[in-house]
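The values are calculated or read from the model by the stated rules, or taken from the named source; none is laboratory data. Predicted model, so just to flag it, every value in this text is computed and none were measured. A quick note on method: Cβ atoms are made from the backbone with ideal geometry, for glycine too, and the neighbour counts reach across all protein chains shown.
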């Protein structure tokens, strides 16, 4: 039976009614992004430089690949999408992320992007988490992390993914993983100042501000919280990444202006990835880079370390 999508009542400027479903959370996220307007500051503007340093390495753009999982099961004959978007990351010289994959699959992906970031599920079996951290290190990962937001199943119990039980994440767990990893550790799925501060106190090198594409019912748009999280972490060295709904270089600009150090693009590369492989991903990200530079030029932002949040205005 097909579900009827929630209708937005009234003029476009009104916040849409939502049922708490993922589709609705993502529509509200899109609505929020589109209400962020940019003022123009063109006098003395210069061609922008997109080079971005992340964990001691220099990349050509602050736009990163997403932590996709299981795309090799998409049923595309003679195609390995996980490897293809990793290859695109290497061509573009941007950060590659990998989600839930077996060690064998991760090894195959890492051949195309050895400096990937591996994001691990919060398995109830902590030995499995530690084992996957160490395997990622052996494959040249520049960082590892954990999906702190993937704990709850729809039945209100801890989730089970591919038959594997997940469990809770405590601050003590994060501290232990940080110490054992020996490379930068990331808490992915932060959607509050509280969790951001806990992750920082645990020693995490970075967080990803995200609602995991609507995983939490009625999840607030990540960029709505980003300035407060940036302020809370301003005295730390914690990198702030963001994802969810980043569809253009203009979205990327808004995320960077509001406090992100870099951002991941997920659903927007999915269609070109599945259709044209690494070539489609490269084309999409190159276009986003052009849009990002365009808006930076319009606002006199010379490089990725000089964004100014005062250029952004939320229009109700």
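Give me the residue from segment 284-304 that is part of a loop (DSSP other than H, G, I, E, B) and touching a strand residue (DSSP E or B) at 6+ places or on another chain (Cβ under 8 Å) and, out of that set, farthest from residue 117 (Cα to Cα). The residue in question is 299.
Here is a yes/no grid of residues against (1) more than 21 Å from residue 118 (Cα to Cα); (2) surrounded by fewer than 24 Cβ atoms within 10 Å (Cβ to Cβ); (3) in contact with a strand residue (DSSP E or B) (Cβ under 7 Å, 6 or more places away or on another chain):
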{"residue": "200", "(1), (2), (3)": "no, yes, no"}
{"residue": "230", "(1), (2), (3)": "yes, yes, yes"}
{"residue": "234", "(1), (2), (3)": "yes, yes, no"}
{"residue": "239", "(1), (2), (3)": "no, yes, yes"}
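Could you tell me which residue of segment 78-114 is surrounded by the fewest Cβ atoms within 10 Å (Cβ to Cβ), considering only residues that are in contact with a strand residue (DSSP E or B) (Cβ under 9 Å, 6 or more places away or on another chain) and in a loop (DSSP other than H, G, I, E, B)?
Quick first cut of segment 78-114, residues in contact with a strand residue (DSSP E or B) (Cβ under 9 Å, 6 or more places away or on another chain) only: 82, 86, 89, 92-101, 105-106, 109-110, 113.
Okay, now just the ones that are also in a loop (DSSP other than H, G, I, E, B), so 93-96, 99-101, 113.
Values: 93: 12, 94: 24, 95: 25, 96: 28, 99: 21, 100: 21, 101: 23, 113: 26.
For segment 78-114, the residue satisfying everything is 93.
All of (1) touching a strand residue (DSSP E or B) at 6+ places or on another chain (Cβ under 8 Å); (2) modelled with pLDDT of 95 or more hold for residue 315 with one exception: (2).
Could you run through segment 261-283 and say how many residues are assigned to a helix (DSSP H, G or I) and over 21 Å from residue 212 (Cα atoms)? Total meeting the criteria: 7. Every condition in (1) touching a strand residue (DSSP E or B) at 6+ places or on another chain (Cβ under 9 Å); (2) on the phi < 0 side of the Ramachandran plot; (3) modelled with pLDDT of 95 or more holds for residue 34 except the one numbered (1).
Suppose we keep only residues that are in a helix (DSSP H, G or I) and either modelled with pLDDT under 95 or touching a strand residue (DSSP E or B) at 6+ places or on another chain (Cβ under 8 Å) (or both) within segment 202-228. Which one would you say is nearest to residue 161 (Cα to Cα)?
Residues of segment 202-228 that are in a helix (DSSP H, G or I), as a first pass: 222-228.
Now restrict to residues that are either modelled with pLDDT under 95 or touching a strand residue (DSSP E or B) at 6+ places or on another chain (Cβ under 8 Å) (or both): 222-223, 225-226.
Numbers: 222: 25, 223: 28, 225: 28, 226: 29 Å.
The extreme case among them is 222.
Only one entry of 63, 117 meets the criterion of being surrounded by 16 or more Cβ atoms within 10 Å (Cβ to Cβ), in contact (Cβ under 8 Å) with a residue 60 or more places away in the chain, over 25 Å from residue 159 (Cβ atoms) and under 14 Å from the mean Cα position of the chain (by Cα), and that entry is 63. Listed by first and then second residue, the pairs linking a residue in segment 222-249 that is at positive phi to a residue that is surrounded by 24 or more Cβ atoms within 10 Å (Cβ to Cβ) and in a helix (DSSP H, G or I), with Cβ atoms under 9 Å apart and 6 or more places separating them unless they lie on different chains, are 244/25; 244/222; 244/223; 245/222; 245/223; 245/251.
Against the criterion of being over 19 Å from the mean Cα position of the chain (by Cα), surrounded by 24 or more Cβ atoms within 10 Å (Cβ to Cβ) and within 30 Å of residue 219 (Cα to Cα), residue 246 does not qualify.
Condition check ((1) surrounded by 15 or more Cβ atoms within 10 Å (Cβ to Cβ); (2) on the phi > 0 side of the Ramachandran plot; (3) modelled with pLDDT under 95) across all residues:
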| position | (1), (2), (3) |
| --- | --- |
| 20 | no, yes, yes |
| 28 | yes, no, yes |
| 38 | yes, no, no |
| 43 | no, no, no |
| 48 | yes, no, no |
| 55 | yes, yes, no |
| 75 | no, yes, yes |
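Within segment 55-74, the set of residues being in a loop (DSSP other than H, G, I, E, B) and either closer than 20 Å to residue 121 by Cα or out of contact with any helix residue (DSSP H, G or I) (no Cβ under 7 Å at 6 or more places or on another chain) (or both) comprises 55, 56, 65, 66, 67, 68, 69, 70. Scanning segment 258-287 for residues that are more than 12 Å from residue 85 (Cα to Cα) and crowded, with 20+ Cβ neighbours inside 10 Å yields a total of 7.
Considering only residues in segment 169-184 that are out of contact with any strand residue (DSSP E or B) (no Cβ under 7 Å at 6 or more places or on another chain) and closer than 15 Å to residue 128 by Cα, the one that is surrounded by the fewest Cβ atoms within 10 Å (Cβ to Cβ) turns out to be 180. The set of residues in segment 37-55 that are farther than 14 Å from residue 304 by Cβ and under 19 Å from the mean Cα position of the chain (by Cα) contains only 55.
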